[in-house]
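Below: one structure, written as C-alpha cells.
Please treat every number below as a calculation from the coordinates, not as lab data. Here the structure is a predicted model, which means the values were calculated and not measured. Positions of Cβ are generated from backbone atoms using ideal geometry, with glycine treated the same way; all protein chains shown enter the neighbour counts.
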Amino acid sequence: MEILFSYDKKLVIQALRYHFINRFEVRILMILVNVFAIFAAALFYFHKVSPLAFLLSSILWIAIMVSFWYVLPNTVYKKASTFKDDFKMTFGEHRVRVENERGYTEWNWDKFSSYLESPHFIHLYFDSKSFFLVPKAAIENDRLLQDLRRLLSEKIPRKK
C-alpha cells in the first residue's frame with residue numbers, strides 16, 4: 001500500500017495534544033493539578049485560605065493547562081522540520097518506507113514498539129517518546145484504511 005501526504009498544522013497540533021495527554025505521567029499530573037484546584041476552591045469558599053493563595057493556585061492551574069494544550073504541541077511542531085515536507089509512504093510485508101525530496105528511510109516492522117489511532121492520524125511509535133504520524137486523510141478510501149489497520153495489527157502491538 002502506498003500513500004502520498006503532507007501535514008496540516010492544525011491537525012498535527014491536535015495529534016500532538018493527543019499524544020501528550022495519553023502519556024501516563026501527563027495524565028497523572030493533570031489529575032493532581034485539577035484535584036489541587038478543586039481543593040483550593042473549596043478552601044477559599046470556606047474561608048480557610050486567603051484570596052491571594054487562591055489566585056496563585058488558579059494561576060498555577062492555568063499555566064499548566066496552557067502549557068500542555070498550547071505551548072508544548074506548538075513547540076514540538078516548530079522544532080520538527082518533518083511536518084513541513086511532502087511524503088510518499090509505502091507499507092510492505094516486511095518494512096515501511098518513507099520518502100521525500102531529500103531521500104528515504106526504511107523501518108522493519110520490529111522497529112515499531114506500538115501504534116495508536118487518533119481521530120486524524122495513526123501514530124507509529126518507535127518508543128514511548130518518538131513516533132511518526134500517518135494522516136488518515138491520505139488514505140483514499142475506507143477499504144484501504146481497514147487494510148492498513150489489519151496490517152498494523154498483525155505487525156505491531158496496539159498501544160493501550
key: Gain in span if fully extended, Leu60 to Ala41, counting 0.36 nm per residue against the direct Cα distance   = 5.5 nm
request  = Taking the dipole about the Cα centre of region 9-79, with the C-beta of Lys and Arg at +1 and of Asp and Glu at -1, give me whichever of His19, Ala37, Trp61 is farthest to the positive side.
outcome  = His19
query = Taking the alpha-carbon centroid of each part, what is the distance from region 79-99 to region 1-70 in angstrom?
reply = 31 Å
ask   = What does the charge count near Asp127 come to, summing +1 for each Lys or Arg and -1 for each Asp or Glu among other residues with Cβ under 14 Å from its Cβ?
value = +3
key: Ranked by how many other beta carbons lie within 10 Å on average, peptides 61-68, 100-107 from highest   = 61-68, 100-107
task = Answer with one residue from Ile3, Tyr125, Val71: the one whose Cα lies farthest towards the positive end of the charge dipole of the chain, charges on Cβ with Lys, Arg +1 and Asp, Glu -1.
result = Val71
ask   = Lys/Arg Cβ at +1, Asp/Glu Cβ at -1, dipole of region 112-160 taken about the Cα centre: which of Val134, Ser113, Leu145 is farthest positive-ward?
value = Ser113
inquiry  = If you take every residue apart from Val98 with its C-beta less than 15 Å away from the C-beta of Val98, what net charge results, scoring Lys and Arg +1 and Asp and Glu -1?
reply    = 0
request  = Could you pull out every one of the aspartates and glutamates with an alpha carbon less than 17 Å from that of Lys136, ignoring same-chain neighbours closer than 8 positions?
outcome  = Glu2, Asp8, Asp85, Asp86, Glu117, Asp147
request  = Excluding Leu11 itself, calculate the net charge of residues whose Cβ lies under 11 Å from the Cβ of Leu11, where each Lys or Arg counts +1 and each Asp or Glu counts -1.
outcome  = +3
task = With just the Cα atoms of region 17-160, tell me how far they stretch along each of the three principal axes, in Å, largest first.
result = 65, 31, 27
query = With charges set only on the Cβ (+1 for Lys and Arg, -1 for Asp and Glu), what does the dipole of the chain come to about its Cα centre, in debye to the nearest 20?
reply = 500 debye
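Holding the Cα-Cα limit at 22 Å, pick out from Lys9/Lys79; Lys88/Lys159; Lys9/Lys111; Lys129/Lys155; Lys84/Lys159 the pairs that are longer than that. Could the numbers behind the result be given before it?
Working: Lys9/Lys79 13 Å; Lys88/Lys159 25 Å; Lys9/Lys111 27 Å; Lys129/Lys155 20 Å; Lys84/Lys159 26 Å.
Long pairs (Cα-Cα over 22 Å): Lys88/Lys159; Lys9/Lys111; Lys84/Lys159.
What helices in the chain pass both tests, a Cα length along the helix axis of 27 Å or more and a mean Kyte hydropathy of 0.5 or higher, using whole DSSP H runs?
Membrane-span-like by this criterion, though nothing is claimed about a membrane: 24-45.
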inquiry  = Could you tell me the relative contact order of the chain? Use alpha-carbon pairs under 8 Å, at least six residues apart, and round to a whole percent.
reply    = 24 percent
task = In a Gaussian network model over the chain where Cα atoms closer than 10 Å are linked, find which of Lys78, Lys48, Lys111 has the largest mean-square fluctuation.
result = Lys48
